[in-house]
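Q: Sharing a structure, written as structure tokens. Questions coming.
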Amino acid sequence: MKLMTASPLFHLFLCCATQTLGVQIQSVPDINGEGVIHTELTKIVSLVCQSDGGSEAEAEEELVWLRNDAAVSLKEGNKNGRSTVCVTPIIHEDNGANFTCHLRKNATASASVTLNVTYPPQLTGSENVTVEEEAVLVLRCDIWANPPVSSLTWTLNGSKVDLLAGAFTVTNDGFTSQLSAERVEKSLHEGTYQCSADSPIYGGHRKLFHVTVTAKTMKLMMPIIAGLVVVVLTALLAVASRWKKIATCCK
Ligand SMILES: *[C@@H]1O[C@H](CO)[C@@H](O)[C@H](O)[C@H]1NC(C)=O
Ligand SMILES: *[C@@H]1O[C@H](CO)[C@@H](O)[C@H](O)[C@H]1NC(C)=O
Ligand SMILES: *[C@@H]1O[C@H](CO)[C@@H](O)[C@H](O)[C@H]1NC(C)=O
């Protein structure tokens, strides 16, 4: 009994969807209730648009696909009545991309979906950093992620970086978190740093930096080299002027 009453309702729904939309998009993976397809980097999204016109003629209507308002070029045989678009591999730039399909004849008969590409922050492994005493120390972590990371911490030798004690500055522009110190001191700044970020869906990610502070060799060498150059140049000039005198004398 239930089936019999449900069936006309179902037809009614189909008929109305057709009249208001004209085209329908189906996707692998599925489209959620808000017209969003959830996917990840390197995966594949396959979209199928179908004109769901009632008559035979409408069922063969030419279709147009737009990606963020730019037309997607379609091969012959992938245009009439049914058209497939594959997005592969999924990259960062596909996040938020909007795909719209409409009838070539009537752009009001359209349907669209949006991609939500999630990715964790690119934080792995470790890096060796060597910095001279009194130089500037800069450590950077890539924290760009979707959804954004929910927390971010910098540690030095296992405890939270003491910003005041080390005269550290931390900046964060949503893409990179940067820890820097203007004037490095071995006793304050040498050690193992870690930046760790938590993603609401991918969990914790971290990267290590082994920072070694060396004596400021180059800065000591520079005045010495400059001094040597002056001495050599002066000697050469002296010989040159002397030579002139000798040369005139012998004429
Ligand atoms: C275009 O499509 C819309 C939505 O399907 C429909 O309401 C409208 O009547 C169509 N216009 C023409 C000229 O076919
Ligand atoms: C994308 O998906 C993530 C994880 O489900 C969610 O947190 C985020 O709000 C979604 N973004 C959009 C724009 O739908
Ligand atoms: C961190 O640990 C290393 C190795 O134990 C040590 O040499 C360094 O001085 C420590 N750094 C700080 C700032 O305490």
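Read-outs: derived from the displayed coordinates by stated rules, not from any lab. This is a predicted model, so every value here is computed, not measured. Cβ: placed from backbone, ideal geometry, glycine included. Neighbour counts: every protein chain shown.
Q: Defining a contact as two alpha carbons under 8 Å apart and six or more residues distant in sequence, what relative contact order in percent does region 66-213 show?
A: Values: 277 pairs, mean separation 35.7, N = 148.
It comes to 24 percent, rounded to a whole number.
Q: Follow-up question, since we're still on this one. Convert each backbone phi in region 41-47 into a coupling constant with the Karplus relation 6.51 cos²θ - 1.76 cosθ + 1.60 (shift: θ = phi - 60°), then list the ³J(HN,Hα) values in order as whole Hz, x for Gly and Pro.
A: Residue by residue, region 41-47 yields 4, 6, 7, 10, 10, 10, 10 Hz.
Q: Okay, moving on. Take every Cα pair under 8 Å in region 140-189 that's 6+ residues apart, average their separations, divide by the length, and report that relative contact order as a whole percent.
A: On the way: 49 pairs, mean separation 19.9, N = 50.
After rounding, I find 40 percent.
Q: A further question on this structure: Just to check, using Stokes-Einstein with a Kirkwood Rh over alpha carbon pairs, what's the diffusion coefficient of region 68-186 at 20 °C and 1.002 mPa s in µm²/s?
A: After rounding, the answer is 114 µm²/s.
Q: Here's something else I'd like to know. Past 20 Å, Cα to Cα, is the threshold; run Lys43/Lys75; Lys160/Lys186; Lys79/Lys105 against it and keep the listed order.
A: Lys43/Lys75
Q: Order 106-116, 121-131 from most to least packed using the mean count of other Cβ atoms within 10 Å. Intermediate results must be reported in sequence, preceding the final value.
A: Values: 106-116: 16.4, 121-131: 14.3.
Highest mean packing first, the order is 106-116, 121-131.
Q: Charges at C-beta only: +1 for Lys and Arg, -1 for Asp and Glu. How large is the resulting dipole of region 98-176 about its Cα centre, in Debye rounded to 20?
A: Details: 4 positive and 7 negative charges, 182 e Å.
It works out to roughly 880 debye.
Q: Would you mind working out the magnitude of the charge dipole of region 126-214 relative to its Cα centre, with +1 at each Lys and Arg C-beta and -1 at each Asp and Glu C-beta, to the nearest 20 Debye? Could the numbers behind the result be given before it?
A: Working: 6 positive and 11 negative charges, 60 e Å.
Roughly 280 debye, rounded to the nearest 20.
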